[in-house]
Amino acid sequence: MKTDVIVVSSQGAQMEAALEQAEKVAAYKGLSARNALHLRLLTEEMMGMMRSLTGETEGSFWIEDQEKEYRLHLQVHTRMDSGKREQLLSASSSGKNESAKGLMGRLRDFFDRGADEDVASFTSPLFLEGAYDHSSTPTLDWEWSMIRYEDALSAQVRRNDSRAKDAWDELEKSVVAHVADDVKVSIRGNAVEMIIVKKLA
């Protein structure tokens with residue numbers, strides 16, 4: 001099943017409709033109160049990230065499910081170029097965007113800048129190392145996965161890498177990392193898409 005697509009904006013438009021959609025899916029599928037809460041919580045985290053994007057940005061949100069696996073999609077439609085982004089930030093009181101802290105903060109950076117700039121140029125190598133795949137497929141530039149990121153971090157923690165320990169602590173504090181089974185972010189041409197995966201009985 002795939003729900004209707006809701007166009008949400010970084011200014012908050014239709015975000016309540018997205019939350020209501022998560023609740024309707026939970027009711028229609030007869031999910032337990034706990035599982036319904038998880039679905040809503042993951043939707044809230046997605047909308048929170050959307051709200052923190054630079055400038056006026058729109059994206060599409062929808063939910064798909066198959067064999068008790070739920071996938072929450074957020075695909076950004078309107079992208080700004082680097083020049084416009086810098087112009088907006090220079091007009092802010094601090095002259096810079098909120099720093100990319102935590103899992104959702106770093107993922108927000110992919111949406112904010114990913115299709116405009118080389119991915120490796122703006123985010124921590126530790127965050128990328130072992131967590132994303134380049135593809136020779138013309139329609140796919142790269143895809144990042146939380147599971148691959150966790151695996152790569154875990155290996156580095158076992159080697160006593162202090163940077164990895166800090167990153168692991170940061171990951172442990174993430175609501176999404178605790179609730180979701182996986183988070184995937186892909187850049188295909190100018191489109192950036194996040195999929196949060198959650199298995200719900």
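Checking the cross-link pairs LYS24/LYS165; LYS165/LYS198; LYS173/LYS199 against a 30 Å limit on the alpha carbon distance flags LYS24/LYS165 as lying beyond it.
Sort GLU64, GLU143 by Cβ crowding within 10 Å, fewest neighbours at the top.
Listed from fewest to most nearby Cβ atoms, that is GLU64, GLU143.
Ordered by the count of other Cβ atoms within 10 Å of each Cβ, fewest first, LEU200, LEU72, LEU37 give LEU37, LEU200, LEU72. Cβ crowding within 10 Å ranks HIS178, HIS38 as HIS178, HIS38, fewest other Cβ atoms first. In this label model, ALA13 and GLU44 are separated by 2.5 nm, measuring between points 7 Å along each Cα→Cβ vector. Under the simplified labelling scheme, the ASP161-ILE147 pair shows an inter-label distance of 2.1 nm, with each label point 7 Å from Cα along Cα→Cβ. Electrostatic bookkeeping for ILE196 treats Lys and Arg as +1 and Asp and Glu as -1; over the other residues with beta carbon under 9 Å from its beta carbon, the sum is 0. The Cα center of segment 27-52 and the Cα center of segment 164-200 differ in position by 15 Å. Other residues with beta-carbon under 13 Å from the beta-carbon of VAL183 carry, at +1 per Lys or Arg and -1 per Asp or Glu, a net charge of 0.
Laboratory data are not the source of any read-out in this text; all were calculated from the coordinates shown. Here the structure is a predicted model, which is why all the values come from computation and not from measurement. Positions of Cβ are backbone-derived with ideal geometry, glycine not excepted, and every protein chain shown enters the neighbour counts.
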